[in-house]
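J.: Handing you a structure now.
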Amino acid sequence: MTQHPAPAEQPPWTPFDEYLWHTCEIVADVVQGQLDRRPFVATVAPLPPGDRALATGPARPFKWMALGDGSYHHSNTFVMGSPAFVIGSLLGNAVGNSSRRAAAARDAQPRWVPGDPGEVTVSRMGVFLIHPVKPAESVLLHWSGLRSIDLVAPDVFHTHFVNTSGTQMAMRIATPWASLMFALAALTRFPSHPRLLERGWLPPGFEQRSAALGRPCRPATSLVLGRGGT
């Protein structure tokens, strides 16, 4: 009798899987033009007229920026006293200048700088991360104004845009709604994005695993390709 290997056991369903499953539901409703059937989502985000919130959850922004411009305070020390004291003081001052110069050089190198964590609202038209204490640090991005989008991790949305000052900006938002943000931005601004058309906004094998665990995803891929309506 032929022996067949036992099917591999599926990993357990996680909270992040739940976010991804609801992402599939929301995207399917968007493509099918069925958003009216979705439950109302309360939010403090300043949604523009005609927009509606689709999801809220935890998030943290990251900006690609330098912490300084390379400048630092150079100390010039005038010392009087014994030769040993003068030499020691000048040496200490030189070490301090060198340390400040190195720190300034490091700060002049762009890096991903984290902002404060908060709650994000994902809407049909954009994403809103409202800072509860510092309004100037709130993130308000409309899908139609984005220059590029990507998912650098299943839970990290990446984008480039031009801010209100005309400066090119790069930002990442770490959130379990990252896939939803990517899909909505792609449907609005980048409808031919390969990751949208090839279902690359979901982790590999997620749909198959969802079906095996009794949580099948709605087939939004064919709906997207067929442009079933928004």
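The values are calculated or read from the model by the stated rules, or taken from the named source; none is laboratory data. Worth saying up front: this structure is predicted, and the values here are computed from it rather than measured. Backbone-built Cβ (ideal geometry, glycine too); neighbour counts: all protein chains shown. These area figures cover heavy atoms from the full protein model, side chains too; ligands, DNA and RNA do not enter into them. Shrake-Rupley method; radii C 1.70, N 1.55, O 1.52, S 1.80 Å.
J.: Hey, among 45, 94, 55, 59, which residue is within 21 Å of residue 199 (Cα to Cα) and either modelled with pLDDT under 60 or open to solvent by less than 40 Å² (accessible area, probe 1.4 Å) (or both)?
T.: On inspection, the qualifying residue turns out to be 55.
J.: Only residues in the range 26-38 that are farther than 16 Å from residue 53 by Cβ count as the first member; pair them with residues that are of a type in the set (Lys, Arg) and open to solvent by 20 Å² or more (accessible area, probe 1.4 Å), Cβ under 7 angstrom, at least 6 apart or cross-chain, and list the lot.
T.: Here the result reads 28/218, each pair linking the range 26-38 to a residue that is of a type in the set (Lys, Arg) and open to solvent by 20 Å² or more (accessible area, probe 1.4 Å).
J.: Moving on. Have a look at 201, 112 and point out the one that is modelled with pLDDT under 95, among the aromatic types (Phe, Trp, Tyr) and not in a loop (DSSP other than H, G, I, E, B).
T.: Answer to the selection: 112.
J.: Right, next: Select from the range 157-177 the residues that are part of a strand (DSSP E or B) and either without any contact (Cβ under 8 Å) to a residue 40 or more places away in the chain or charged (D, E, K, R) (or both) and list them in ascending order.
T.: 157, 158, 159, 160, 161, 162, 168, 172 - these are the residues of the range 157-177 that are part of a strand (DSSP E or B) and either without any contact (Cβ under 8 Å) to a residue 40 or more places away in the chain or charged (D, E, K, R) (or both).
J.: Could I ask something else about it? Is it the case that residue 191 is without any contact (Cβ under 8 Å) to a residue 40 or more places away in the chain, open to solvent by 20 Å² or more (accessible area, probe 1.4 Å) and closer than 23 Å to residue 66 by Cα?
T.: no
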